[in-house]
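Asks: A single structure is presented below for examination.
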Amino acid sequence: MTKSKNVELIGNILGVTRPDIIEILIDPKVTRIKPLEIGEYIAVEYPSEVLKHEVLALITEITLENENIPDSLMRSPESYDQLEKLGDFTEGERLTARARVVGYYDPDLENIIFPRFPPVPSGKVYRANKDNLSKIFSSDNGIKVGNLRAHPEVDVKLDVQELVRRHTAILAITGAGKGNTVAVLSSRILELNGSVIIIDPHEEYPSLRDLYSDPNPVVVFSPEGDPSKNYKPISFRWNNFSTEEIFDILEIRENATRQKGLIRDILEQLRGKQWDINDFENELKKKKEENKGLVLSIQDHIKGIRELSIIDKSKETPIYEETSDCLVSKGQITVISLSGLPIKVQQVVVARLCKKLYDAGVAWRRKLSRDQLPCPTFMVIEESHNFIPSMSSAKSSFPISRIAAEGRKFGIGLCIVSQRPN
């Protein structure tokens, strides 16, 4: 192992070792002044003739026991008082830990390499120092987003270009700073002449405008627009949604086969036309004589979305257009506020947006004569667990997954933000 300056030996590797997990016997005296913590990084010794780099591992479990105080002797709290009178029992303490191997930084490859063989039992273990941690967590050209919790002296800096190329997840509980992290990343992406689209289900991100002076790069869209807040309206055409997506917009139940059948008939008659919900209802009324109960039940669903201005007869907000308000532009942060929309409608809108963005990326890459992506774009999906749920399906799941799988080659980076990482 390449020896670090000022290393602190804290213990040795125990028993059977594995490439990914190691057990460590730690000297309790060494860690009494400065305890070893879960989440702390350690440096693990490998044979120098095999590996010359310092391998880092992350502490995941810590156990402290005292061999001089077996459980069989401890019948009540008074038993401890009696033992203390007999002398110092700290000599019997045994401190062990489990750590997950992270790997080592290879300066030639400029990457973290995972060793595919285990360390030697009895090998030495040290506290990781700032220099070696900084090689991994502090990118030279990165932006600072915080510090390592167990190593506050180490800055965490992220390479924005790598984030866009590899995709990103920001996972934390409410109030932990997810929004602030998005704001910091967005500002740096603008410096690189990129663009950012933020899907905002709860109207949390318009405040990003407060961080910039005029000309303000933050453009906020909402379903109806709001001149008093300087929100621009966003819209999508009815005839660009699939039949299944329209079922979700109308909130038609999965097992409502008769309703779905009638809706399919009407959509077939409207195929190739520009239409809105009024046109749909006019066609529906023509079926009333033969399907009165069915028509009335579908009309009840229509009442709930009649004022849904985000879906229009003829207008659809473009991905990019020089002469009008658009969703993507070099140096622009676009916030799409979906606040107030039913969750099913939010999912359908996000699905449509992802499809448009993907198609624009393909057009840019292949130089097609249609709506092209004008610059690399970073798409942030807040509350992503609502759009790619793990335990159920959503219309937005596949379009988001496709961007995750293929978006990089078409200039699209993806960032999911959630407080529910499962």
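Asks: Which of the trypsin sites (Lys or Arg not before Pro) across region 110-160 are loop residues per DSSP, with 12 or fewer other Cβ within 10 Å?
Replies: Here the trypsin sites (Lys or Arg not before Pro) that fit, given the DSSP loop and packing criteria, are R116, R149.
Asks: How about region 163-242: which chymotrypsin sites (Phe, Trp or Tyr not before Pro) there lie in a loop by DSSP and see at most 13 other Cβ atoms within 10 Å?
Replies: Y212
Asks: Loop only by DSSP, 14 or fewer other Cβ within 10 Å of the Cβ. Give me the GluC sites (Glu not before Pro) in region 143-211 that pass, ordered by residue number.
Replies: Here the GluC sites (Glu not before Pro) that fit, given the DSSP loop and packing criteria, are E153.
Asks: Then there's this: What's the ranking of 62-68, 337-343, 268-274 by average number of surrounding C-beta atoms within 10 Å, highest first? Don't jump to the answer; show the numbers that get you there.
Replies: Numbers: 62-68: 13.6, 337-343: 17.4, 268-274: 10.7.
In descending order of packing, they fall as 337-343, 62-68, 268-274.
Asks: Sticking with this one: To the nearest 10 degrees, how steeply does helix 343-366 sit against the main Cα axis of the chain, on a 0 to 90 scale?
Replies: Result, in degrees: 90.
Asks: Over the chain, what is the relative contact order in percent, taking alpha-carbon pairs closer than 8 angstrom and at least six residues apart?
Replies: Numbers: 746 pairs, mean separation 68.6, N = 422.
Here the relative contact order equals 16 percent.
Asks: Right, something else. Beyond 26 Å between alpha-carbons counts as too far, so tell me which of K52/K409; K29/K157; K356/K395 fall in that bin.
Replies: K52/K409; K29/K157
Asks: Mind pulling the angle between the C-alpha long axis of helix 292-303 and the longest principal axis of the chain? Nearest 10 degrees, somewhere in 0 to 90.
Replies: Relative to the chain, helix 292-303 is tipped by roughly 60 degrees.
Asks: Further question on the same structure: Quick one: angle between helix 77-86 and the longest Cα principal axis of the chain, in degrees between 0 and 90, rounded to 10, please.
Replies: Helix 77-86 sits roughly 30 degrees off the main axis of the chain.
Asks: Apply the Karplus parameterisation 6.51 cos²θ - 1.76 cosθ + 1.60, with θ equal to phi minus 60°, to every residue of region 19-31 and state each ³J(HN,Hα) to the nearest whole Hz, in sequence, with x for glycine and proline.
Replies: x, 9, 10, 10, 9, 10, 9, 10, 6, x, 5, 5, 9
Asks: Follow-up. Give me the percent relative contact order of region 238-303, please, defined on Cα pairs under 8 angstrom at least 6 residues apart.
Replies: Over region 238-303, the number comes to 37 percent.
Asks: A further question on this structure: Starting from 0.36 nm per residue, how many nanometres of slack lie between E162 and R116 once their C-alpha separation is accounted for?
Replies: 14.1 nm
Asks: For the chain, what does the helix formula give at 222 nm: sum of -39500 (n - 2.57) over DSSP H segments with n ≥ 4, over the residue count, nearest 500 deg cm²/dmol?
Replies: Helix-only estimate at 222 nm: -8500 deg cm²/dmol.
Asks: Between L171 and V30, 0.36 nm times their residue separation minus their Cα-Cα distance comes to what?
Replies: Gain on stretching L171 to V30: 47.3 nm.
Asks: At a Förster distance of 45 Å, what's the computed FRET efficiency of N147 paired with T243, Cβ-Cβ distance as r, to 0.05? Please report the intermediate quantities before stating the final value.
Replies: Details: r = 51 Å, r/R0 = 1.13.
So the FRET efficiency works out to roughly 0.30.
Asks: Full-extension gain between R94 and D325, please, as 0.36 nm times their residue separation minus the C-alpha to C-alpha distance.
Replies: 76.5 nm
Asks: Name the residue, out of P374, P119, P318, whose mean-square fluctuation peaks in a Gaussian network model built on the chain with Cα pairs under 10 Å.
Replies: Answer for the Gaussian network model of the chain: P119.
Asks: So who's got an amide H within less than 5 Å of the one on F221, skipping anything under 5 residues away but keeping other chains? H placed 1.01 Å off N, in plane.
Replies: Amide H neighbours of F221: K232, V335, I336, S337.
Asks: Give me, ordered by chain and number, the residues 5 or more places off G103 or on other chains with an amide H under 5 Å from its own placed amide H.
Replies: For G103, the qualifying residues are L56.
Each reported figure results from applying straightforward, stated rules to the coordinates on display, with no laboratory input. Predicted model, so just to flag it, every value in this text is computed and none were measured. FYI the Cβ positions are ideal-geometry reconstructions off the backbone, even for glycines, and counts take in every protein chain you see.
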